[in-house]
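Here is the structure we will look at.
The values are calculated or read from the model by the stated rules, or taken from the named source; none is laboratory data. Everything quoted here is computed from the prediction, not taken from an experiment. Here the Cβ positions follow ideal geometry from the backbone for every residue, glycine too, while neighbour counts run over all protein chains shown. For the accessible areas, the whole protein counts, side chains as well, though only heavy atoms, and no ligand, DNA or RNA atoms are used. Shrake-Rupley method; radii C 1.70, N 1.55, O 1.52, S 1.80 Å.
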Amino acid sequence: MNIDLILNYFPGLTAEQKERFAALDELYRDWNAKINVISRQDIDALYEKHVLHSLGIAKIVDFKPGTEILDVGTGGGFPGIPLAILYPLVDFHLVDSIGKKIKVVQEVADALGLQNVKAEQARVEQLNTTYDFVVSRAVTRLKPFLGWVRYKIHKAGNNDRPNGVLYLKGGDLAEELAEIPDRYRVYDLSDYFEEPFFETKKVIYIPKK
């Protein structure tokens, strides 16, 4: 898998965006050899299982310039780094409680010249800022996650959808969704991407109350 996979679904990329997406393979291979942020068997499927998966969020909300986004439990920088490449005029704050993971995120962002990324070792509960959207990829069950981020989202926004949470998760979510009182909508990524990996992958969108 390579950048052609991304171009297949996002054909309107600029030359700079193409360069940045193409650079991810070598950057993550180099850093993963030092600090393991992606499982060994997944590194060869980086563009499918990490980059394109992250960009699934962009199929649900096309972020307007000036949007502020918090990526909670970003790990090695997903979904934040791919989204920051796709949206250079959107501000991304990537947080994780594990310092070595944030080191990788910062090094990757610096190497790509991403001026719109701030990486920080922090727990979301410690943050005093609010954002338009909170994004994340399966860091925990939805009920406790929403408890962490509910007050990190401000009401006023300029996107086509109301501000809220965009959560990447897979599998059967019926039990998990039954635990939350919030309104939500589930989007199947198999409606947007044809690879078998996406058959069970979803984006859960929870607008701010």
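Just name the residue that is nearest to the chain's Cα centre (by Cα) out of those in the stretch 14-43 that are without any contact (Cβ under 8 Å) to a residue 40 or more places away in the chain and part of a loop (DSSP other than H, G, I, E, B).
Ile38
Residue check, Gly147 against (1) under 15 Å from Gly73 (Cα atoms); (2) touching a residue at least 24 places away in the same chain (Cβ under 8 Å), all met but one. Which one?
Gly147 satisfies all of (1) under 15 Å from Gly73 (Cα atoms); (2) touching a residue at least 24 places away in the same chain (Cβ under 8 Å) except (2).
Considering only residues that are part of a loop (DSSP other than H, G, I, E, B) and more than 15 Å from Lys118 (Cβ to Cβ), look in the stretch 67-88 and name the one that is most open to solvent (accessible area, probe 1.4 Å).
Of the residues in the stretch 67-88, the ones part of a loop (DSSP other than H, G, I, E, B) are 67, 73-79, 87-88.
Within this subset, residues satisfying the condition of being more than 15 Å from Lys118 (Cβ to Cβ) are 73, 75-76, 78-79.
Numbers: Gly73: 29, Gly75: 13, Gly76: 4, Phe78: 7, Pro79: 0 Å².
Applying the filter and picking the extreme gives Gly73.
Within the stretch 36-56, can one find any residue that is touching a strand residue (DSSP E or B) at 6+ places or on another chain (Cβ under 6 Å), open to solvent by less than 20 Å² (accessible area, probe 1.4 Å) and under 28 Å from Lys155 (Cβ atoms)?
Restricting attention to the stretch 36-56, the residues satisfying the condition of being touching a strand residue (DSSP E or B) at 6+ places or on another chain (Cβ under 6 Å) are 56.
This time we only want the ones that are open to solvent by less than 20 Å² (accessible area, probe 1.4 Å), so: 56.
Filter again for under 28 Å from Lys155 (Cβ atoms), leaving 56.
Yes, because at least one residue in the stretch 36-56 is touching a strand residue (DSSP E or B) at 6+ places or on another chain (Cβ under 6 Å), open to solvent by less than 20 Å² (accessible area, probe 1.4 Å) and under 28 Å from Lys155 (Cβ atoms).
Checking Tyr151 against (1) touching a Gly at 6+ places or on another chain (Cβ under 8 Å); (2) open to solvent by 60 Å² or more (accessible area, probe 1.4 Å): exactly one of these is not met. Which one?
(1)
With of a type in the set (A, V, I, L, M, F, W, C) and either in contact with a Ser or Thr (Cβ under 9 Å, 6 or more places away or on another chain) or over 28 Å from Ser190 (Cα atoms) (or both) as the only criterion, which of Leu168, Leu142, Leu146 stands out?
On the way: Leu142 fails: either in contact with a Ser or Thr (Cβ under 9 Å, 6 or more places away or on another chain) or over 28 Å from Ser190 (Cα atoms) (or both); Leu146 fails: either in contact with a Ser or Thr (Cβ under 9 Å, 6 or more places away or on another chain) or over 28 Å from Ser190 (Cα atoms) (or both).
Only one candidate passes the filter, namely Leu168.
When the residues of the stretch 176-208 are filtered to those that are more than 16 Å from the chain's Cα centre (by Cα) and basic (Lys, Arg), which remaining residue is most open to solvent (accessible area, probe 1.4 Å)?
Selected residue: Arg183.
When you check Thr67 against the structure, is it in contact with a Gly (Cβ under 7 Å, 6 or more places away or on another chain), polar (S, T, N, Q) and touching a residue at least 12 places away in the same chain (Cβ under 8 Å), yes or no?
Numbers: in contact with a Gly (Cβ under 7 Å, 6 or more places away or on another chain): no; polar (S, T, N, Q): yes; touching a residue at least 12 places away in the same chain (Cβ under 8 Å): yes.
Criteria not met by Thr67.
If you take the residues of the stretch 98-123 that are touching a Ser or Thr at 6+ places or on another chain (Cβ under 9 Å) and open to solvent by less than 50 Å² (accessible area, probe 1.4 Å), which of them is farthest from Thr74 (Cα to Cα)?
Across the stretch 98-123, the extreme among qualifying residues is Ala122.
Here is a list: Val139, Val165, Val134, Val117. Which entry is at pLDDT below 95, within 15 Å of the chain's Cα centre (by Cα) and within 28 Å of Pro65 (Cβ to Cβ)? Can you show your working first?
On the way: Val165 fails: at pLDDT below 95; Val134 fails: at pLDDT below 95; Val117 fails: at pLDDT below 95.
It is Val139.
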